Amino acid sequence: MMLSQDDFKPVTMADREFFSRHYTLYPQTHSDNTFTNMVCWNHYAHYTWALVEKCVIISSTIGNVTRFRPPIGPRNPALLRSVISLASEVSDTEPLGLIDPDTARWMKEVCPGINLVPDRNHFEYVYRASDLADLPGKNYLTIRHQVNKFRRNCKNVVEPISRENWEEVKRFLIEWCEWKGCEGDPVLAREKEAVFFAIDHFNELPVRGLAIRVFEKIGAISLYERLTPDTALVHFEKGLPDCEGIYKAINTEVATRLAPHFTYINRESDLGVAGLREAKMRYHPHHMVEVFSLKRDS
């Protein structure tokens, strides 16, 4: 079985129904493979995909480096070898990534001696929805105090993101970007574009959103969706520094709405950012979505 880059086509909005059907059969636990993630970040990661023998193969190209993911679908050793061969041909020293533990075990059976290493920067943090909503016990004492202080000191209203406030959400994002200095940070600038895309296609994507209005102006937003029957996924969470504790407040408000419907909330990875890692650990994850990368000798 020979696989080539000619077999791949760009991910577009027209592919939504296909991915929805495929992921019903083969549920994804990592946010990076979700359709929402791919279309929102397409301007940065240039996602392409191929359908080969009922398996979906995804690749992304950041800068000049193209990397692949293992086939999503029925286990097919010949196809796996073909993907590894193509990836090794066109990629760098890490040709295959976002390999879940079950797939990693299978890959080691098919290709003994293959070098798979944990990719800690892309492990995703999964919390009990009820913990994030209720902030129970000593573990959450500080966060609970900060949320209560926010509610006391900042006159706020929580509202769903909808057609009525889309333009205001975009103005909020522009202000957020100015505060964060997006001009000097390409990743943040692209993140703003990703959220803009999500808002522009809000009714075409499976996302929902929440905003906190502080002193009548939007001060924080969150966009989320169903990932699996028991897990919701928070894609984006942004806040302005106008009122202390606003990030913790939006986190709690979203969890309060999700907890009746989901056991867990996936809040994505920390990408190796030290401050972000500490902040995510502070909420005491229930478990991590672990992933591995294929490393080969340079």
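The values are calculated or read from the model by the stated rules, or taken from the named source; none is laboratory data. For clarity, every value in this text was computed on a predicted model and none was experimentally measured. Backbone-built Cβ (ideal geometry, glycine too); neighbour counts: all protein chains shown. Keep in mind that these areas ignore ligands, DNA and RNA; they rest on the heavy atoms of the full protein, side chains included. Shrake-Rupley method; radii C 1.70, N 1.55, O 1.52, S 1.80 Å.
Below is a table of values for the structure above.
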read-out: Among Pro101, Pro118, Asn153 - extreme Cα towards positive end, dipole of segment 49-186, charges at beta-carbon; value: Asn153
read-out: Dipole magnitude (debye, nearest 20) for segment 3-69, charges at Cβ of Lys, Arg, Asp, Glu; value: 100
read-out: Distance between segment 38-53 and segment 129-163 - C-alpha centres, whole angstrom; value: 36
read-out: Cα-based Kirkwood hydrodynamic radius, segment 120-181, one decimal, Å; value: 15.1
read-out: Net +/- balance of residues flanking Val291 in space, Cβ distance below 10 Å, scoring K and R +1, D and E -1; value: -3
read-out: Shape call, segment 1-56: gyration tensor on alpha carbons, a/c limit 1.5; value: oblate
read-out: Choice from Ile62, Ile143, Ile221 showing the highest fluctuation, given a GNM over the chain with Cα pairs closer than 10 Å; value: Ile62
read-out: Portion, in percent, of the accessible area of the chain that falls on carbon or sulfur, probe 1.4 Å; value: 51
read-out: Summed residue charge, Cβ within 12 Å of Asp15's Cβ, Lys/Arg positive, Asp/Glu negative; value: +1
read-out: Asp92 accessible area, assembled protein chains, probe 1.4 Å, Å²; value: 40
read-out: Spin-label pair Arg21/Glu216, simplified geometry with 7 Å Cα→Cβ offset, distance in nm; value: 5.1
read-out: Scaled radius of gyration (Cα, divided by 2.2 N^0.38 Å) that segment 241-285 gives; value: 1.28
read-out: For segment 105-223, the fraction of alpha-carbon pairs in successive 5 Å shells from zero, as %; value: 2, 8, 13, 13, 15, 16, 12, 7, 5, 4, 2, 1, 0
read-out: Segment Trp106-Thr263, length gained on full extension (0.36 nm per residue, minus Cα span); value: 53.7 nm
read-out: Distance histogram in 5 Å bins (all Cα pairs of segment 158-270, percent per bin); value: 2, 12, 23, 24, 22, 13, 4, 1, 0
read-out: Whole-number accessible area per residue in Å² for segment 250-294, which is evaluated in the context of all protein chains at 1.4 Å; value: 46
read-out: Exposure ranking of Trp179, Trp49, Trp166 by accessible area [1.4 Å probe, largest first]; value: Trp179, Trp166, Trp49
